[in-house]
Amino acid sequence: MSSTSLSYRAAVRLGTALAPALAHYSPKVREGHRARLGAGGRLCLWARESRDPQRPLVWLHASSVGEGLQAESVLGELRRVRPDCQYVYTHFSSSAAPLALRLAADVADYLPYDLRGQVDRLLDALAPDLLVFVKLDLWPELATRAAARGTAVAIVAGTVSSSSGRLRWPARSLLRAGYEAVAAAGVISHEDGERLTRLGVDRNRVEVLGDPRFDSVLHRVRAVSAQDPLLALGSGAPTMVAGSTWPGDEAVLLGAFTRIRRDRPEARLILVPHEPTPDNLAAVERAAAGAGLPRAVRLETVAGPAPLLLVDRVGILAALYGGGTMAYVGGGFGRAGLHSVLEPAAWGLPVIFGPRWESSRDAGLLLRAGAAEALPASGAREAGAALYSRWKSWLDSEPLRQSQGGRAREVVERGTGAARRSAELLDRLTPRRRHPYGRRTG
């Protein structure tokens, strides 16, 4: 059985030692660092008080919110077929903490740092039968030491971008032992499977199962009540909902909206910044005023639909898209990466986004289906002109808008079923009856 290298262990120790210094400059890093320091103790306490050694234990790990939503749909399906199991869920990013609280796991917490002593302590306490990494966030010390104890290690929703840093030296060498420990990997596409084998997963252990995010998104959209007041914020006039925007997106949006308002004064914009901090909200308000737009009204004070609504809350984007007529998805003008295009697509909205979309498989699917538009990369002025043109065409032609929106919904519906297939894969790896640690029967 492969084990991690001395170089990997030294890199993790160095990263852990530097974490307090980095935390000094970032509230998010500080929050995550503090929580990780205590996570091992909290998980061990749960194990002492609540772990039932007669029941199999499945441990799922997902780094952030996006991976967590994929894990949520798989966990829901797996619980349905394996109610006999106990479930542990861990995450790395502080942004995933609210999501972790609502998941159907027996216990959820941060993942401690990937240090040998902490890993052994957790494995001794939890004694998992199955360890599942979602997407790509595999931690080699945890994976190799779990596999050495007889725990099956799996990946679901496996995704490896062609530009992933894990494919390059030295990351590929440092991480390889962890991927070699994988007993089964459910990947989104054949291309992802090929790249995963380059990282070290045995080719014979890879299965193409699709992306459980489609199931998750459709479930969330269907769960929005028709009486949700957020839906009413887009009623009565054609409304563009711009979700998870960054300053580069907002500059283009506000410029195009200024022109749209001259032609169609009834048009509305709901702007949802990715990080609705006081400084970011104030910057949008200043930019809107400078462009001569109606005063931006914050969601916390709004009494009904407004020409320009500025959302100052997180976690409500799925419902806001449901009240829209069309959607803009942020992240396509910077390095953060394009945010999820599936939620507006699931509502049957046509979608538009910035030029840096190539790392988003979902954006590519929508573009090929004629359900989305990408802005040009030739400059902010050209992008703004293109956004104005497409925005106006959707306002002027209801059949065009409905046609593209319908194709977007079809893309999402065709992608469903991966959560069930992923759960079936994990079911095969999980024993039906608990045995002493290190011995198992299928």
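Modelled label positions at Arg121 and Arg295, each set 7 Å beyond Cα in the direction of Cβ, lie 5.5 nm from each other. Counted over segment 227-414, the DSSP beta bridges are approximately 0% antiparallel. Applying 1/(1 + (r/R0)^6) with r as the Cβ-Cβ distance of Arg149 and Ala232 and R0 = 51 angstrom yields a FRET efficiency of 0.40.
Tell me the net charge near Val341. Cut-off is 12 Å between Cβ atoms, Val341 excluded, with +1 for each Lys or Arg and -1 for each Asp or Glu. Residues near Val341 contribute -1 overall.
Comparing Pro27, Pro212, Pro350 in a Gaussian network model of the chain (Cα springs below 10 Å), the most mobile by mean-square fluctuation is Pro27. Helical content of the chain, expressed as a calculated mean residue ellipticity at 222 nm, amounts to -15000 deg cm²/dmol (DSSP H runs of 4 or more residues, -39,500 (n - 2.57) each, divided by residue number, nearest 500).
Nearest 5 percent is fine: what portion of the DSSP beta bridges confined to the chain is antiparallel? Kindly include the intermediate steps, with their values, before the conclusion.
Details: 0 of 45 bridges.
Beta bridges within the chain, antiparallel portion: roughly 0 percent.
Model label sites at Ala282 and Cys44, defined 7 Å from Cα along the beta-carbon direction, differ in position by 4.5 nm. Relative to the longest principal axis of the chain, what angle (0 to 90°, nearest 10) does the C-alpha long axis of helix 278-290 take? Here the helix axis deviates by roughly 20 degrees. Taking all C-alpha pairs of the chain, those more than 30 Å from each other amount to 47 percent. Across segment 94-100, computed HN-Hα scalar couplings (Karplus, 6.51 cos²θ - 1.76 cosθ + 1.60, θ = phi - 60°) run 5, 5, 8, 4, x, 5, 4 Hz from first to last residue, x flagging Gly and Pro. The overall shape of segment 17-88, judged from the alpha-carbon gyration tensor, is oblate: a/c is not under 1.5, and a/b is no greater than b/c.
Between Ala380 and Ala303, take the C-beta separation as r, use R0 = 30 Å, and let me know the FRET efficiency to the nearest 0.05. It comes to 0.30. Between Arg313 and Ser7, the simple spin-label model (points 7 angstrom out along Cα→Cβ) gives 5.0 nm. Calculated FRET efficiency, Leu22 to Glu398, Cβ-Cβ distance, R0 = 56 Å: about 0.65 to the nearest 0.05. Taking only the Cα atoms of segment 191-254, the radius of gyration and Dmax are 19.9, 55 Å.
Return P(r) of segment 277-355 (all Cα-Cα pairs; 10 Å bins starting at 0; whole %; ordered from short to long distances). Bins of 10 Å from zero give 16, 41, 40, 2 percent of pairs. Along its three principal directions, the equivalent ellipsoid of segment 80-214 from the Cα gyration tensor extends over semi-axes of 23, 18, 15 Å, largest first.
What shape does segment 227-414 take by its C-alpha gyration tensor, where a ≥ b ≥ c are the square roots of the eigenvalues and a/c under 1.5 counts as rounded, a/b above b/c as prolate, and the rest as oblate? Taking the square roots of the gyration eigenvalues as a ≥ b ≥ c, segment 227-414 is rounded. Against the main long axis of the alpha-carbon atoms of the chain, helix 418-429 sits at an angle near 10°. Going toward the positive end of the dipole of the chain, with +1 on Lys and Arg Cβ and -1 on Asp and Glu Cβ, which of Gly186, Gly324, Ala232 do you reach last? So the residue furthest toward the plus end is Gly186. Label point of Glu413 set 7 angstrom out along Cα-Cβ; within segment 337-353, amide nitrogens under 12 Å from it belong to 346-348. For the chain, the longest principal axis of the C-alpha atoms and the axis of helix 27-50 are separated by about 40°.
Tell me, what is a quarter of the convex hull surface for the C-alpha atoms of segment 1-154, in nm² with one decimal?
Approximately 8.8 nm², given one-decimal rounding.
We did not get these values from a lab; they are worked out from the coordinates using the rules stated. In this text, all values refer to a predicted model and were calculated from it rather than measured experimentally. Neighbour counts are summed over all protein chains in view; Cβ atoms, including those assigned to glycine, are modelled from backbone coordinates with ideal geometry.
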